[in-house]
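Single-structure report; data block below.
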Amino acid sequence: MKNVAIIAQTKEGQLNEATNQLLSFVSKFNPEKIILVVLGENHLSSVGCSVPVDVISLSDGLWADTSAVSSLANAVKGYTVFGIKSIQIDNILSLLASCLKAEVVSGVQHLGYSAGVFSIGKSIFSGKAMLEISSSTASIFSLNRNFDFSDVSELPAKAVNSTSVLTYSSESKSAITALKPITGTIPLPDAALVVSAGRGLKDPSNWTIVEDLANALGAATACSKPVSDLNWRPHHEHVGQTGVKVSPNLYIACGISGAIQHLAGVNGSRIIVVINNDPEAPFFKHADYGIVGDVNDILPRLTKKLQSH
Amino acid sequence: MKILVCISCVPDTTSKIAIDPSTSQISSQGLTYIVGPYDDYALSRAIELKESNGAEVIVLHVGGSESEALIRKCLALGADSAVRIDGNPISSTQIADAIVDYVKQNPVDLILMGKESIDYNSGIVHGLVAGALGYVHFNPVMHLDLAGNDLQLEVEIDGGKMEVSCALPAVLGCQEPIAEWKIPSMRGIMTARTKEISVLPLNPTDSVKLVKASIAETARRNKMIDAADAETLIDLLKTETNVL
Ligand SMILES: Cc1cc2nc3c(=O)[nH]c(=O)nc-3n(C[C@H](O)[C@H](O)[C@H](O)COP(=O)(O)OP(=O)(O)OC[C@H]3O[C@@H](n4cnc5c(N)ncnc54)[C@H](O)[C@@H]3O)c2cc1C
Ligand SMILES: Nc1ncnc2c1ncn2[C@@H]1O[C@H](COP(=O)(O)O)[C@@H](O)[C@H]1O
């Protein structure tokens with residue numbers, strides 16, 4: 001791994017924590033050069049890394065076809081490329097892979113490298129199983145959000161070497177006609193704490209007790225699939241096999257039965273709390289803490305307890 | 001107007017995954033297979049477009065003959081013909097290369113896939129195919145309208161949604177609520193019997209080596225808290241775990 005490129009994620013113009021950890025992680029392999037590819041505006045002047053990095057900013061745009069990513073492909077030709085899973089990063093990595101005729105592996109949970117061979121742990125079946133892969137040809141990796149960064153330590157900041165901007169190619173045949181960011185709520189995929197509710201809530205108007213608990217915790221809200229199918233909650237909150245896969249520190253499931261398709265989206269959570277009035281609900285088998293009780297009683301009490309602190 | 005729908009055939013979402021000790025890989029014993037749920041959304045939308053706009057729908061699967069019953073089900077839902085590229089691909093690259101080779105020989109206007117296969121969860125094949133063919137690529141697409149050569153899409157992005165307009169040809173990864181899953185009609189099942197499934201050989205490209213698979217078990221604490229003392233949950237989360 002002589003040359004490494006990282007597709008960075010930022011928060012308010014600075015690298016987010018996961019990207020900083022990724023920089024420390026790749027530094028372990030003693031690369032000679034590191035390029036940091038940043039989407040959108042940034043004001044990076046120094047970053048924690050073993051060697052000074054070159055920053056390439058991608059201007060806002062769609063980056064939705066090979067004509068758009070080809071300039072980026074030229075800049076990272078011959079590099080080993082890493083990103084941490086997001087919708088946009090996976091899309092860019094796959095287009096980049098086809099441009100560079102490079103092999104890409106996504107869903108990477110752990111990664112080792114020695115003598116030109118990568119040993120890759122790829123999580124499959126929504127985290128139910130792990131596939132160990134070895135490859136001397138793969139060069140593009142999309143890491144899971146809960147990638148094991150446990151043994152990396154923060155590196156002292158080094159001034160950025162150079163900064164350049166790549167503009168999104170106007171050859172592209174597509175245009176954004178409307179942008180609808182979700183505002184005012186914590187984005188579910190990034191949330192450290194999640195309060196999720198299912199059909200057991202009975203009616204969308206009952207979601208106030210879920211939102212109150214989420215607010216008291218500073219958590220994002222989520223739901224089961226039938227709830228979004230019924231239009232009780234927006235589609236982007238639906239967690240599971242066919243929805244968002246979350247891996248928060250804490251997932252509180254309220255009035256959710258624990259169908260296997262739901263579990264597939266929450267397996268990666270560190271601590272799971274289940275609140276359900278049916279002691280036989282399958283979710284309890286997958287819980288760290290379980291409470292058999294009525295959500296209408298339990299949730300407001302938990303909220304009150306949190307507020308009293 | 002030709003629409004190609006690429007389907008993965010994956011273990012049913014309720015499957016209990018096990019390892020075959022003789023191969024150290026996922027065992028297919030006792031598993032029921034289904035068309036990937038996202039691919040099912042893609043196919044359902046393709047069939048709706050066929051009905052509303054007129055189109056020829058072709059289903060493509062890269063895999064072994066055991067998938068023919070599922071391919072036949074896609075034909076029963078309304079696809080016009082099917083292609084199976086025969087082999088056992090072991091990576092997204094091999095699958096994408098096979099699809100790209102096919103499309104280079106048999107051009108299509110629109111390629112619909114699922115946002116990801118639910119076995120390997122890569123979410124990569126559509127991007128690889130779009131890139132290699134030089135087509136526009138969007139994923140995951142939640143709404144798709146087609147007027148002539150123009151697509152109007154609603155696409156999920158990190159932290160929201162966007163609406164885009166673009167021109168064919170395109171490769172799209174689909175997710176709900178792009179269409180409702182459909183069930184085959186009796187007539188569909190009858191006519192599917194005579195529809196063609198052509199079989200082409202897979203020329204596997206050099207790829208990764210699968211070393212072994214293992215089952216990931218997350219050990220849970222399984223601690224029950226009495227409803228009368230529900231509030232102690234907050235204390236336990238603070239003292240026993242450091243999540244709060
Ligand atoms: C191909 C496929 C894909 C799927 N993908 C997903 C997916 O991605 N995500 C997903 O969530 N589902 C998915 N499903 C659906 C899944 O199988 C279940 O149907 C769904 O998860 C059930 O949702 P639920 O737990 O909210 O509702 P229910 O199963 O109806 O459970 C409601 C629960 O609430 C409890 N309850 C009722 N009243 C109260 C009360 N007052 N207080 C406390 N508890 C109460 C009940 O005991 C029950 O356990 C999928 C299904 C298929 C076939
Ligand atoms: N074996 C296959 N044959 C045809 N299409 C496939 C195959 N595997 C995956 N696909 C398509 O590629 C999409 C993304 O798959 P993946 O990149 O494996 O997550 C799936 O939703 C399918 O539409």
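Of all the strands (runs of 3 or more DSSP E) wholly in the range A:77-188, which have at least 1 residues that are under 30 Å from A:ILE271 (Cβ atoms) and in contact with a strand residue (DSSP E or B) (Cβ under 8 Å, 6 or more places away or on another chain)?
On the way: elements: A:80-84, A:103-114, A:117-124, A:129-135, A:138-143, A:157-159, A:162-166, A:174-181.
The strands (runs of 3 or more DSSP E) meeting that bar are A:80-84, A:103-114, A:117-124, A:129-135, A:138-143, A:174-181.
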Count - residues of the range A:75-104 that are more than 16 Å from the chain's Cα centre (by Cα) and buried (at least 20 other Cβ atoms within 10 Å of the Cβ): 14
Residue match in the range A:224-231 (condition: in contact with a strand residue (DSSP E or B) (Cβ under 7 Å, 6 or more places away or on another chain), closer than 23 Å to B:GLU116 by Cα and of a type in the set (Lys, Arg)): yes
Whichever residue in the range B:227-244 is at pLDDT 95 or above and touching a strand residue (DSSP E or B) at 6+ places or on another chain (Cβ under 8 Å) and, among such residues, is farthest from the other protein chains (Cβ to nearest Cβ): B:THR232
Some residue of the range B:176-183 being in contact with a Ser or Thr (Cβ under 8 Å, 6 or more places away or on another chain) and more than 14 Å from every other protein chain (Cβ to nearest Cβ): yes
Contacts under 6 angstrom Cβ, first residue in the range A:13-30 being surrounded by 15 or more Cβ atoms within 10 Å (Cβ to Cβ), partner hydroxyl-bearing (Ser, Thr, Tyr) and not in a loop (DSSP other than H, G, I, E, B), 6 or more apart: A:PHE29/A:TYR113
Which numbered condition A:GLU103 fails, given (1) more than 7 Å from chain B (Cβ to nearest Cβ); (2) at pLDDT below 95; (3) within 16 Å of ligand 2 (Cβ to nearest atom): (1)
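Test of understanding: among B:SER122, B:SER117, B:SER165, which residue is facing another protein chain (nearest Cβ under 7 Å) and in a loop (DSSP other than H, G, I, E, B)? Break it down into steps so the answer makes sense when it comes.
Details: B:SER117 fails: facing another protein chain (nearest Cβ under 7 Å); B:SER165 fails: in a loop (DSSP other than H, G, I, E, B).
Answer to the selection: B:SER122.
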Members of the range B:71-100 that are within 25 Å of B:SER207 (Cβ to Cβ) and part of a helix (DSSP H, G or I): B:ILE71, B:SER92, B:THR93, B:GLN94, B:ILE95, B:ALA96, B:ASP97, B:ALA98, B:ILE99, B:VAL100
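Filter the range A:285-299 for residues that are within 12 Å of ligand 1 (Cβ to nearest atom) and surrounded by fewer than 22 Cβ atoms within 10 Å (Cβ to Cβ) and give the result. It would help to see each step written out before you state the result.
Going through the range A:285-299, the residues within 12 Å of ligand 1 (Cβ to nearest atom) turn out to be A:290-299.
A:VAL292, A:GLY293, A:ASP294, A:ASN296, A:ASP297 - these are the residues of the range A:285-299 that are within 12 Å of ligand 1 (Cβ to nearest atom) and surrounded by fewer than 22 Cβ atoms within 10 Å (Cβ to Cβ).
What about B:LYS209, is it closer than 22 Å to B:ASN139 by Cβ and among the basic types (Lys, Arg)? Walk me through it before giving the result.
Working: closer than 22 Å to B:ASN139 by Cβ: no; among the basic types (Lys, Arg): yes.
The answer is no for B:LYS209.
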Residue pairs meeting the criteria (Cβ under 7 Å; at least 6 apart or on separate chains; first more than 7 Å from chain B (Cβ to nearest Cβ), in the range A:282-309; second near ligand 1 (Cβ under 9 Å from one of its atoms) and in a helix (DSSP H, G or I)): A:VAL295/A:GLY200; A:VAL295/A:LEU201
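The values are calculated or read from the model by the stated rules, or taken from the named source; none is laboratory data. Everything quoted here is computed from the prediction, not taken from an experiment. Don't worry about glycine lacking a Cβ; one is built from the backbone with ideal geometry, like all the others, and counts go over all protein chains shown.
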